[in-house]
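Below is one structure; the comments refer to it alone.
Just so you know, all these numbers are worked out from the coordinates, no wet-lab data involved. Since this is a predicted model, take the numbers as computed values, not measurements. Cβ: placed from backbone, ideal geometry, glycine included. Neighbour counts: every protein chain shown.
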Amino acid sequence: MKGAVTVLHPGRALILIRPLWTRIYEWLTVTALIARREIRSLFSSWIAYVTLTFFAFLIGLMFISILQLGEAGQMRVLYWNTAIILIFVLPIVTMRLLAEERRLGTLELLLTSPVTDWQVVVGKFSAGFFWLLTGLALSLYVPYLINRFSGGTADLGPYWTAYIGLAFFAAPLIAIGVFWSSVTDNQIIAAMGTFGTYLLLYIINWPTEGAAGWAEIFRKISLYYRFQDFTAGLIKFQDIVYYLCWTFLALYLSVQVLASRRWR
Amino acid sequence: MGNRLRGLPITKTLRRLIHENALPILMTIAVLSIGALTLRLAYPATPLYWGSVLGVAGLLLLALIAVEFRELLTFLISQKGQMGTSVLVSTLLLIGILVLIVYVADRREISWDWTKIKRHSLSPQTINVLKNLKKEVKVYAFYDAQSPEFPRVQDLLRRYRSHSAKISFQVVDPDREPLLAREKEVTGSGITIFEANGKKERVSFGGEKEFTGAIIKVTSDKKPNVYFLVGHGEKSPEDFGATGISNLKTGLERQNYIIKTLKLMTEGKIPADCDVLVIAGAQQSLLPQEKKVIDEYLKKGGKLLLMLEPDPAPSFSDWLDQWGLQTNPGIVVEPENNIIADAAAVFALSFRFHDITRPFQKAQQEAVLFVTARPLKRKSQVPSGVTVSELIESSANSWREGELKGAVRKDQGEEGGPFILACAVEKTISDKKKQRTVVIADSDFFTNGLIANLRNGAFAASCIHWLAGEDVLIEIPPKEDLPSRMFLSRHQQVFTVVWSLIALPLAILMTGFIVWWNRRG
């Protein structure tokens, strides 16, 4: 192949890479803007505060009752229960995310503006996640006090993994909430659907406890089953992947529902 | 045929019925499918149950499609239908990809242990063993699926596998996998079996220390040497006759043992590679010099399988005395379960709990047949440092028949049972060394003529296996969480309640109120 010379364009690689980075950056900027707008809107309604109060109060109640046992290692029960509380509280937080916009008719405005459905959905999701982080941050006094009360002998490792676990555990829950909120403009239906889905995913492994074969699959589907390792101080890569997959699936479905408005 | 049927009024009514109730029928199909799945889980052995339910659901679906065929087709070719289908297909595709990702991720063990004591990590010793593993090790753990031990063992073995691809494992409930449990001779929960090229090791419960020890044992290339003492009328592994024990030899060799005979009179010492010494029913007394050599051997942590015979065979009472045992002339007569009505035959069903008897834990369901057993009893005072564990005993109705002349019945001076038919004796020599001996009251039970009876062969092999078992000493410190107690002063208690139940919730509520107030203004 005489004369076949590969011509290298010095700028080419740069051109290929730069727009991608710029695009990602722009995408993130817009998403962050939407997220900020959503967070502001969520925290300017009473719902965020009432749910946070409820959340903090229940954690406080359990904290005190487990404190009676006088054993720092028992506090993992608190985080098991925190996950259960989230199952009850999160539907109320997420129910209005998209449903409210549909009800007020502002969703059309948002969808016809030059933002993509993904940006809208991720923005809404971020608002819910911000609520979660706030709630978790407000409970950080638990490890602090445990450390104080045990004179520094308590192993705080499992506490931090429990918090990381709660964040990963709640991510698919919030995404499912976003999905239900995109399906209906009725907030009550959105909350009920969300709660029902949580409950199903929570109890799905109950009738199959310990069995092999199909039961193994159900156990793998169950969201709560995988959470418990986190409270024992162990972070498993596979569990993180699992929660992220659920989150992605629920967000993808929300995007499809939003997109379907254009062809339905 | 469809066209001909279409004219019939009954078909028309049916079609209308289905058409008007499409939604309820669809829901019924969904419910039936879930029901079928539940039945599949509840009765996996009878596919008829879930199969028939699923069949009904399938028939309903077919009927629905048949009736609504035209509507369905119209919908599918419409723009809505096309978009919907493409979304459905892409969603299913995505679910498939995600399931695959989760499946692949689940087979990896990448984890971060954030506990202070590294509770979830293997010790460096274990990791070292696993890195140098050359053989495939198969692990079967049998645990009750309801017990908290089940996931614990599963996690532990998963960690083992993450360090070596040579490890493969199964954690199963023995009740749910009865065939596997039977194959591995497991009758209860809490047994873990390690297998590597023909070698097998059982671990009862236990954790990392025991598991790693078992892996070292099954993968070691060492073949245990079993020496049979000869020269005093003992049963010989070279003897193929009915009173020989060549069958036992063949069986042991198949399990990786090397069987040799030992003429102590000519050789004068016990070879250094001797793992187990067997005295299989000596008929004449050992020379004092021989006894001395064996004594030396035992003092260095030697393992001995001593099988007795009734008088006039030697009683070995000087040794038995050291081990907290005593014996009398005569034989054990067992009237219970003695179906062959032979005074000398003892059907023994009472297995006591021990490592040796673990394969025979089905109480009163398995038996060993002894013939002419020497009466053996535990002394009231067992010397310190010695533990005697009965393995099999005769029943309480058995007795010592002193004179075999005349009628066989319990006479005056003939003490009653139960008698020890086999026992394991452990004597502590030093901190790490133990002398192990198994004493069996009979040596006929494992001869070629009797070994095939009941569990005779398995019991003999189990005794030798226990004696040859090395104590793999690896020091893995136990991972117990140091309890960190919390004692709250009155002041701290009040503070906690005020802070977590009143101050913090109230502060959040106040913030909400202020936000609401400002917005209102």
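Provide the FRET efficiency to the nearest 0.05 for the residue B:95-residue B:132 pair, computing r from the beta carbons and using R0 = 45 Å.
0.60
Using Cβ contacts closer than 10 Å as the measure, can you line up B:177, B:334 from fewest to most?
Lowest count first: B:177, B:334.
Per-residue mean of other chain beta-carbon atoms within 10 angstrom of the beta-carbon, peptide B:79-88?
That average works out to 2.
Other chains near B:100-111: what is the mean number of their Cβ atoms within 10 Å of each residue's Cβ?
5
Filter A:236/B:116; B:223/B:299; B:134/B:217; B:184/B:377 down to the pairs with a C-alpha to C-alpha distance above 25 Å, please.
Among A:236/B:116; B:223/B:299; B:134/B:217; B:184/B:377, the Cα-Cα distance tops 25 Å for B:184/B:377.
Only Cα pairs under 8 Å and at least 6 apart count here; give the relative contact order of chain A as a rounded whole percent.
Relative contact order here is 24 percent.
When the Karplus curve 6.51 cos²θ - 1.76 cosθ + 1.60 is applied with θ = phi - 60°, which whole-Hz ³J(HN,Hα) does each residue of the range B:439-446 get, with x for Gly and Pro?
For the range B:439-446, the Karplus curve yields 10, 10, 6, 8, 10, 7, 5, 10 Hz.
Specify the residue with the greatest mean-square fluctuation among A:105, A:233, A:196, computed from a Gaussian network of chain A linking alpha-carbon atoms under 10 Å apart.
Between A:105, A:233, A:196, it is A:105 that shows the largest mean-square fluctuation.
About its Cα centre, what dipole magnitude does the range A:35-260 give when the only charges are +1 on Lys and Arg Cβ and -1 on Asp and Glu Cβ, stated in debye to the nearest 20?
240 debye
Quick one: order B:392, A:235, B:110 by neighbouring beta-carbon count within 10 Å, fewest to most.
Fewest to most other Cβ atoms nearby, the residues stand as B:110, A:235, B:392.
Give me the one-decimal Kirkwood hydrodynamic radius in Å for the range B:124-219, with the sum taken over alpha-carbon pairs.
13.2 Å
Have a look at B:151, B:402, B:505 and report the one farthest towards the positive end of the charge dipole of chain B, computed about the Cα centre with Cβ charges (Lys/Arg +1, Asp/Glu -1).
Going by the charge dipole, the pick is B:505.
Please list the equivalent ellipsoid semi-axes of chain B, computed as the square roots of five times the alpha-carbon gyration tensor eigenvalues, in descending order and whole angstrom.
Each semi-axis is the square root of five times an eigenvalue, giving 67, 36, 24 Å.
Could you work out Rg/(2.2 N^0.38 Å) for chain A, with Rg from alpha carbons only?
For chain A, the normalised Cα radius of gyration comes out at 1.21.
Once the Cβ-Cβ distance between residue A:44 and residue A:192 is put in as r, and R0 is 35 Å, what FRET efficiency do you end up with, to the nearest 0.05?
0.90
Against the 2.2 N^0.38 Å scaling, with N counting residues, where does the range B:350-442 land? I'd like the Cα-based Rg ratio to two decimal places.
1.24
Jot down the per residue volume, in cubic angstrom and as a whole number, of the convex hull over the alpha-carbon atoms of the protein assembly as shown.
Given the Cα convex hull of the protein assembly as shown, per-residue volume reads 331 Å³.
What does DSSP give for the range B:225-468 in terms of the percent of beta bridges that are antiparallel, rounded to the nearest 5?
Among the beta bridges of the range B:225-468, antiparallel pairing accounts for roughly 60 percent.
Taking +1 at the Cβ of each Lys and Arg and -1 at the Cβ of each Asp and Glu, which of A:86, A:243, A:260 sits farthest along the dipole of chain A towards its positive end, judged by Cα position relative to the Cα centre?
A:260
In a GNM of chain A with a 10 Å cut-off on Cα contacts, which of A:157, A:123, A:135 has the highest mean-square fluctuation?
Result: A:157 has the largest fluctuation of those listed.
Near the amide H of residue B:111, under 5 Å away, which other amide H atoms are found, from residues 5 or more places off or on another chain, if H is placed in the peptide plane?
For residue B:111, the qualifying residues are A:237.
Anyone know which of A:114, A:158, A:172 comes out most mobile in the 10 Å Cα GNM of chain A?
Judging by the Gaussian network model, the answer is A:114.
Pick out the long, greasy-scoring helices in chain A: whole DSSP H runs spanning 30 Å or more along their own axis by Cα, mean Kyte-Doolittle at least 0.0.
Both cut-offs are met by A:12-43, A:46-67, A:117-138, A:157-183, A:237-260.
Under the Karplus relation 6.51 cos²θ - 1.76 cosθ + 1.60, θ = phi - 60°, what is the ordered set of whole-Hz ³J(HN,Hα) values for the range B:369-377, x standing for Gly and Pro?
For the range B:369-377, the Karplus-derived couplings read 9, 9, 10, 6, 9, 7, x, 9, 9 Hz, x marking Gly and Pro.
At a Cα cut-off below 15 Å, give the aspartates and glutamates reachable from residue B:434, other chains included and same-chain residues fewer than 8 away excluded.
B:275, B:295, B:296, B:426, B:470, B:471
Work out how much length residue B:492 to residue B:397 would gain on full extension: take 0.36 nm times their residue separation and subtract the Cα-Cα distance, in nm to one decimal.
So the extension gain works out to 27.4 nm.
Say each of residue B:379 and residue A:160 gets a label point 7 Å from the Cα, pointing the same way as Cα to Cβ; how far apart are those two points in nm?
That separation, rounded to one decimal, is 6.2 nm.
What number in nm² do you get for the range B:1-132 if you take the convex hull of its Cα atoms and divide its surface by four?
Averaged projected hull area, Cα only: 16.0 nm².
When a/c reaches 1.5 or more, the comparison of a/b and b/c decides; with that in mind, is the range B:225-468 rounded, prolate or oblate per its Cα gyration tensor?
Judged from the Cα gyration tensor, the range B:225-468 comes out rounded (a/c under 1.5).
In which sequence would A:202, A:25, B:227 go, from the one with the fewest C-beta neighbours within 10 Å to the one with the most?
The fewest-first ordering by Cβ neighbours comes to A:25, A:202, B:227.
Rounded, prolate or oblate: which fits the range B:203-249, taking a ≥ b ≥ c as square roots of the Cα gyration tensor eigenvalues, rounded meaning a/c under 1.5, else prolate when a/b beats b/c?
Verdict is prolate for the range B:203-249.
Quick check for me: using +1 on Lys/Arg Cβ and -1 on Asp/Glu Cβ, what's the dipole size of the protein assembly as shown about its Cα centre, in debye to the nearest 20?
My answer is approximately 3720 debye.
For residue A:220, which aspartates and glutamates qualify as cross-link partners when the Cα separation must be under 12 Å and same-chain residues fewer than eight apart are set aside?
Within reach: A:209, A:239, B:106.
Provide the percentage of antiparallel DSSP beta bridges, counting only those with both residues in chain B; round to the nearest 5.
That works out to approximately 60 percent antiparallel.
Sorted by mean Cβ packing within 10 Å, highest first, what order do the peptides B:429-442, B:505-518 take?
B:429-442, B:505-518
Any chance you could list P(r) for the range B:237-326, counting all Cα-Cα pairs in 5 angstrom bins from zero, rounded to whole %?
3, 11, 20, 25, 20, 15, 6, 0
Using only the alpha-carbon atoms of the range B:167-280, report the extent along each of the three principal axes, biggest first, to the nearest angstrom.
Projected onto its principal axes, the Cα set of the range B:167-280 covers 54, 32, 20 Å.
So if I place +1 on the C-beta of Lys and Arg and -1 on the C-beta of Asp and Glu, and nothing else carries charge, what would the dipole magnitude of the range B:2-106 be about its Cα centre? I want it in debye, nearest 20.
So the magnitude is around 520 debye.
Provide the percentage of antiparallel DSSP beta bridges, counting only those with both residues in the protein assembly as shown; round to the nearest 5.
Once the DSSP bridges in the protein assembly as shown are tallied, antiparallel ones form about 65 percent.
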